[in-house]
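For reference, the structure is listed below as structure tokens.
Nothing in this text is a laboratory measurement; each read-out follows from the coordinates by a stated rule. Treat the numbers as computed from the prediction; the structure is a model and nothing was measured. As a convention, Cβ positions derive from the backbone with ideal geometry for all residues, glycine included, and neighbour counts pool all protein chains shown.
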Amino acid sequence: MILHIAARELKGLFLSPLAWSILAVVQFILAYLFLAQIDTYMQYAPQLAGMEDAPGVTDVIVAPMFGNAAVVLLLVAPLITMRVLSEEKRNRTLSLLMSAPVSMTEIVLGKYLGVLGFFLALLGLLAVMALSLFAGTTLDVGKLLSGLLGLTLVIGAFAAAGLYMSSLTEQPTIAAVSSFGLLLLLWIINWAGASGEQVSGLFSYLSLVQHYDSLLKGLFNSTDVVYYLLFILTFLVLSIQRMDANRLPH
Amino acid sequence: MAQEILIDAEHLSRYYGPTCAVRDVSFQLAKGDVLGFLGPNGAGKSTTMQMLTGNLAPSAGTIRVRGIDLLDAPKRAKHELGYLPEQPPLYREHTVDEFLTYCGRLHRVSGNRLRVAVDQAKHRCGLGAVGKRLIGNLSKGYQQRVGIAQAILHNPAVVILDEPTVGLDPIQIREIRALIRELGNEHGIILSTHILPEVQGVCNRVQIINRGRLVFSDTLAGLEQHLHSQHLIVRLRNAPAPTEIQQLPGVAAVEVLDDGRLRLRYEGASPAEAIAETAVNRRWGLEELIPERRTLEQIFIELTMQDAHMDAGTSTATEEAA
């Protein structure tokens, strides 16, 4: 049942020009960044060759590209997630799901997986770009996979937060703005932690970027993975609660 | 009632903050019933329907669908329900076929049964020719039909239609009414409407809801009784003085209408025969003799207006169905 809802969501996304234009724009920007990174690498390749324990192709090209991709997605993800629940409420199509024998959990999970499917397609294009380096050189597969895992988790977190914001309002734009604000805040929250001693631990734990960085370096730390999974779970549960609350008398 | 009870709603209430939209509404729907739900705007029709379909949780009361409690086992109960909200819930970017297939899947219909169900629903709602078209490009009437098709697709025991004929042309309205009557044979149907003749044409039970309370609930046959007023309309060419007619047996009061016709109120059995005889004997020149019938509209207005004058605190108006 969840999969039927997810499939419709994904199909609905690809029937709108928004999804295609976002795919195109993101791909274009990332391709440009990718080429720029390759350029940098070519420039420093002779020096790197002489160094002992020099950073490899994966460190110089793939890791920064994934890092940039996360920032680009931070801007783009709210545009995809904004409509997911708010538009159903606005167009009154939600009652189709509500009067069908499906639970709110199934509805929210279906929606989430549908959006995630779109982001995974985007990620797939990105991965292909990185893999194309295999044509001329060899990559550190471990680092590549850890980077991909990191990006998947980051996107999963973006989608969950966006879904929750979408459940709060009937206006897609408000959902977009507020999820962008939330994500940006969580992205930069460790900046505040950098100065003070007391709060820094908590803030840098909360930061989305802190956990991503270590995965990009190829450090697979279960704390980081658990952080993202908890983040996703929290926002999914909140969304389910929020949608259920719409039915209840207040 | 020998028929199977499909919906059993008891003491439903729903508050929106301090406003009470539905207050202590109870009723039953048996198989084969087509229940017409009438009421002025904002009376609580849609709220009641949303509660029956699980779109809103009632503040108090219970709903059982075929004996299954909607609040305790919503999934099982919703299997038996088909619902067309006021605004049909349609994904505009899908074709009719895609949309109906999706709706079927949501109700766990799959494989060959799904194909048959979609075809049947399309056939019943006259959608055969537009299966491949985008819902967003269809006219309002066709969209409404897709909404109805969606509600009956999974062959639910109860079909709940919120103003199903709004926005349709007269021919479509006739078709939809015929469809509702046909569905009424095997399902239980609740439909809300503003159009009073629609109720008389389609329903076999009527409920009038006003300001959140059920003010009238009866079968259509029972309604017919209410419609008989104790009046005769008479036109006489050589009318005598009203006092002379009033002396006839059975006639309680005489009223001269603007166009010269007389309106006789009687008590007990109709004195029509006696009046005709007397009129012929006394050469009054009888031209018309019509038993006056009240319209559903009059009853509707009486009930809803009288209730408006009443204080909200009193609750004597609830009449239970026989």
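General remarks:
- Folded to 0 to 90 degrees: helix B:296-309 orientation relative to chain B principal axis, Cα: 90
- Reachable lysines, given that their alpha-carbon falls under 25 Å from the alpha-carbon of A:K143 and they are not under 8 places away in the same chain: A:K217
- Note on A:I29 and B:L134: with the Förster distance fixed at 51 Å, the Cβ-Cβ geometry gives a FRET efficiency of about 0.95.
- Legend: calculated FRET efficiency, B:M305 to B:H11, from the Cβ-Cβ distance at R0 = 22 Å, rounded to 0.05, equals 0.25.
- Sorted largest first, the principal axis extents computed over the alpha-carbon atoms of the range A:43-93 equal 65, 17, 10 Å.
- 22 Å tail of the calculated P(r), chain A, as % of Cα pairs: 58
- Protection-proxy order for peptides A:130-138, B:202-210, B:225-233, each taking the mean of Cβ atoms within 10 Å per residue, highest first: B:202-210, B:225-233, A:130-138
- Whole-Hz couplings from phi, Karplus 6.51/-1.76/1.60, listed for the range A:31-39; x for Gly and Pro: 5, 4, 4, 4, 5, 4, 5, 4, 4
- Averaging Cα coordinates gives a centre for the range B:133-171 and one for the range B:209-265; these two points are 41 Å apart.
- On Cα atoms only, tilt of A:141-168 relative to the major axis of chain A in degrees: 30
- For the Cα trace of the range A:121-215, dividing Rg by the Kirkwood Rh returns an Rg/Rh value of 1.09.
- Electrostatic dipole magnitude of the protein assembly as shown [Cβ: Lys, Arg +1; Asp, Glu -1; Cα centre; debye, to 20]: 860
- J(HN,Hα) series, the range A:72-83, from Karplus relation 6.51 cos²θ - 1.76 cosθ + 1.60, nearest Hz, glycine and proline x: 4, 5, 4, 6, 8, 4, x, 5, 7, 7, 4, 8
- Peptides B:281-294, B:76-89 ranked from most to least packed by the mean count of surrounding Cβ atoms within 10 Å: B:76-89, B:281-294.
- Test item: A:99-108 mean partner chain Cβ contacts at 10 Å: 6
- Ordering of B:181-194, A:56-69, B:12-25 by burial proxy (mean other Cβ atoms within 10 Å per residue, highest first): A:56-69, B:181-194, B:12-25
- Neighbouring partner chain Cβ atoms per residue of B:84-97, average, 10 Å criterion: 4
- Potential extension, A:I174-A:L120 segment - 0.36 nm per residue separation minus Cα distance: 17.0 nm
- Span from the the range A:120-185 Cα centroid across to the the range A:24-96 one, whole angstrom: 8
- Among the residues of B:102-109, the average count of other protein chain beta-carbon atoms within 10 Å of the residue beta-carbon is 5.
- On Cα atoms only, tilt of B:140-152 relative to the major axis of chain B in degrees: 70
- Partner aspartates and glutamates for A:K11 [C-alpha distance under 13 Å; skip if fewer than 8 residues away on the same chain]: B:E93, B:E98
- Dimensionless Rg/Rh of chain B - Kirkwood Rh, Rg from C-alpha atoms: 1.10
- Calculated FRET value between A:T105 and A:D213, using beta carbons and R₀ = 45 Å, to 0.05: 0.85
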